[in-house]
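First up is the structure itself, then whatever we jot down about it.
The values are calculated or read from the model by the stated rules, or taken from the named source; none is laboratory data. Predicted, not measured: the structure shown is a model, and the values here were computed from it. Note: ideal-geometry Cβ built from the backbone for every residue, glycine included; neighbour counts use all protein chains shown. Ligands, DNA and RNA are excluded from the accessible area calculation, which covers all protein heavy atoms including side chains. Shrake-Rupley method; radii C 1.70, N 1.55, O 1.52, S 1.80 Å.
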Amino acid sequence: MRILALVAACAALAAPAARAQQDTTTRARTRADSIARAVQDSIALMKELGGALSADTTRAAPSGTGAQTGPTNPRLLPDFSTVGDFIADLSPKRSTQGDGTRLGVREVEIAVQAVVDPYFRGDVFLGISDLEGLSIEQAYLTTTSLPNQLELKLGRFLMPFGKQNTTHRHDLHTIEYPYVLQRFLSADGLKGTGFWGSRVFAPVGFFQELSLTVVDRVGERDDLLISSEPPNRTLGGLGYSARLRNYVDISEAANLELSFSAMTGRREQLVYPFYFAPPPGGTNAVNARQSTLAVDATYRWRPLQQGLYHSFMVQGELLHQINEDFPQLVSDCVTNCTVPVAYQPGSYVGSPRDFTGGYVYSRYQSSQRTFLGARVDVVQDPLQFGSTLRAGSAYFEFFPSEFSKLVLGYEGVSQAGAVFLNRLLAQATFSLGPHKPHPF
């Protein structure tokens with residue numbers, strides 16, 4: 001009996017241990033199953049992401065439709081951004097805008113930018129305005145993997161000539177380009193279509209950048225001027241430019257940039273006096289060489305501890321334009337002329353002389369979001385046969401955020417033979433999307 005009682009007691013003591021071991025085994029199995037399911041879910045999610053990031057970015061439509069849906073990988077979509085540029089011309093006498101408006105949208109710029117592949121980056125800027133309609137502002141490929149810090153652009157771009165020409169008009173510190181750039185280059189920035197090569201190096205202890213371009217033509221084409229042959233018929237008629245940019249740190253709070261630019265090429269110049277429309281079957285222009293030299297300097301001061309609230313900049317550019325003197329006139333009418341004598345070649349009224357001009361601009365940051373600026377312009381105006389144009393302007397800039405800007409500007413313009421012009425302008429710009437900053 002004692003033996004049976006001892007066995008029963010041992011069985012009673014072993015039962016809880018067995019149940020505990022069974023519970024432990026069940027919990028371990030349940031935990032293993034949970035881990036296995038989590039691993040399977042993770043693998044499935046990784047496969048789904050891998051499929052989305054694969055080279056095949058399109059999903060086939062239902063059989064027989066022959067159509068395709070959009071990309072399954074949204075990361076392959078480029079960056080889209082839009083910039084709006086509004087102008088209010090409150091000048092007391094009249095509107096000074098090209099389209100004669102007092103209140104208007106000067107331009108809306110649409111930018112499409114993305115990395116094309118490991119070798120190129122693509123940038124496209126489209127401009128939309130009531131005056132010019134839709135136009136290609138810039139569209140170029142940029143290399144990203146050339147050796148020795150070389151960079152090459154192919155397409156249409158703002159010419160690397162001088163300092164401010166490489167900045168879009170809506171991103172200027174002033175409302176418009178300085179007058180010397182408007183008269184010598186273009187009112188909305190000189191563009192070129194061709195090749196742009198550049199390299200950054202530091203052979204003498206400070207940074208230097210050399211930019212070389214070859215473009216289809218120098219300056220904008222004027223449809224009213226017709227020459228006997230295109231200016232770019234030979235390689236010598238293409239546009240060539242070079243810019244050497246030097247950058248040096250003066251102290252921890254100040255730096256200096258000094259650059260030299262040169263550009264040359266052939267462009268149409270008016271021949272027949274005061275007749276901007278050629279006679280039937282004839283020409284009214286001749287291809288003449290035009291070269292421009294420039295030097296620009298920029299001094300910046302931004303203290304390390306107060307750089308968010310105070311800064312100062314002074315900038316200036318000096319340009320000299322060299323025009324070919326009375327080039328040999330070429331016209332289909334020279335040997336077989338059937339038009340009145342008044343239309344025959346013989347009077348060159350294009351640009352028979354050289355012109356010089358420049359500006360000085362300063363800008364002071366008075367608070368985190370406000371800036372005060374002033375500019376002085378002096379230029380021998382090619383549009384007024386070299387008479388001197390003088391202008392002084394003052395600007396107040398306010399940045400509600402990094403995506404918007406408000407500018408109020410006053411400008412006084414004086415030119416020989418013209419009435420002194422007072423201009424009062426206001427500008428508002430905004431940016432939607434990841435708009436890339438412009439060159440430093």
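List the number of the failed condition for residue 234; all other conditions in (1) within 26 Å of residue 321 (Cα to Cα); (2) open to solvent by less than 40 Å² (accessible area, probe 1.4 Å) hold. (2) is the only condition that residue 234 fails. Any residue in the range 274-293 that is open to solvent by 90 Å² or more (accessible area, probe 1.4 Å), at pLDDT 80 or above and among the basic types (Lys, Arg)? Looking for residues that are open to solvent by 90 Å² or more (accessible area, probe 1.4 Å), at pLDDT 80 or above and among the basic types (Lys, Arg), one finds none in the range 274-293, hence no. Among all residues of the range 118-135, there is none that is modelled with pLDDT under 90, among the β-branched types (Val, Ile, Thr) and out of contact with any Leu (no Cβ under 7 Å at 6 or more places or on another chain). Once the range 237-257 is narrowed to residues that are in a strand (DSSP E or B) and open to solvent by 70 Å² or more (accessible area, probe 1.4 Å), the residue that is farthest from residue 294 (Cα to Cα) is 249. Counting only strands (runs of 3 or more DSSP E) that sit completely within the range 295-397, those holding 1 or more residues that are β-branched (Val, Ile, Thr), at pLDDT 85 or above and within 24 Å of residue 229 (Cβ to Cβ) correspond to 311-323. For residue 152, are the conditions met, namely being in a strand (DSSP E or B), surrounded by fewer than 18 Cβ atoms within 10 Å (Cβ to Cβ) and among the hydrophobic types (A, V, I, L, M, F, W, C)? So residue 152 fits the description; yes. Out of the residues in the range 358-391 meeting the condition of being of a type in the set (Phe, Trp, Tyr) and more than 14 Å from residue 312 (Cβ to Cβ), tell me which one is least open to solvent (accessible area, probe 1.4 Å). Ranking the candidates gives 359 first. Whether any residue in the range 141-148 is farther than 26 Å from residue 261 by Cβ and at pLDDT below 95 is what I want to check. Within the range 141-148, one or more residues are farther than 26 Å from residue 261 by Cβ and at pLDDT below 95.
If residue 214 passes every condition in (1) open to solvent by 60 Å² or more (accessible area, probe 1.4 Å); (2) hydrophobic (A, V, I, L, M, F, W, C); (3) at pLDDT 95 or above but one, which one does it miss? Among (1) open to solvent by 60 Å² or more (accessible area, probe 1.4 Å); (2) hydrophobic (A, V, I, L, M, F, W, C); (3) at pLDDT 95 or above, the lone unmet condition for residue 214 is (1). Assess whether residue 140 counts as being at negative phi, open to solvent by 10 Å² or more (accessible area, probe 1.4 Å) and not polar (S, T, N, Q). Criteria met by residue 140. Scanning the range 403-429 for residues that are in contact with a strand residue (DSSP E or B) (Cβ under 8 Å, 6 or more places away or on another chain), in contact (Cβ under 8 Å) with a residue 12 or more places away in the chain and outside any strand (DSSP E or B) yields 403, 416. Only one of 85, 99 is surrounded by 11 or more Cβ atoms within 10 Å (Cβ to Cβ), at negative phi, of a type in the set (Asp, Glu) and at pLDDT 95 or above; which? Exactly one residue qualifies, and that residue is 85.
Note on the range 128-162: among residues that are in contact (Cβ under 8 Å) with a residue 60 or more places away in the chain and under 13 Å from the mean Cα position of the chain (by Cα), the one that is nearest to residue 296 (Cα to Cα) is 160. Against the condition of a type in the set (Ser, Thr, Tyr), more than 14 Å from the chain's Cα centre (by Cα) and open to solvent by 10 Å² or more (accessible area, probe 1.4 Å), how does residue 186 come out, does it pass? When the stated conditions are applied, residue 186 does not pass them. Looking across the range 97-138 at every residue that is among the hydroxyl-bearing types (Ser, Thr, Tyr) and part of a strand (DSSP E or B), the one that is farthest from residue 84 (Cα to Cα) is identified as 135.
Listed by first and then second residue, the pairs with beta-carbon distance under 7 Å, at least 6 apart or on different chains, first residue in the range 367-378 and touching a residue at least 40 places away in the same chain (Cβ under 8 Å) and within 18 Å of residue 406 (Cβ to Cβ), second open to solvent by 40 Å² or more (accessible area, probe 1.4 Å) and not in a strand (DSSP E or B), are 367/309; 368/308; 368/309; 373/173.
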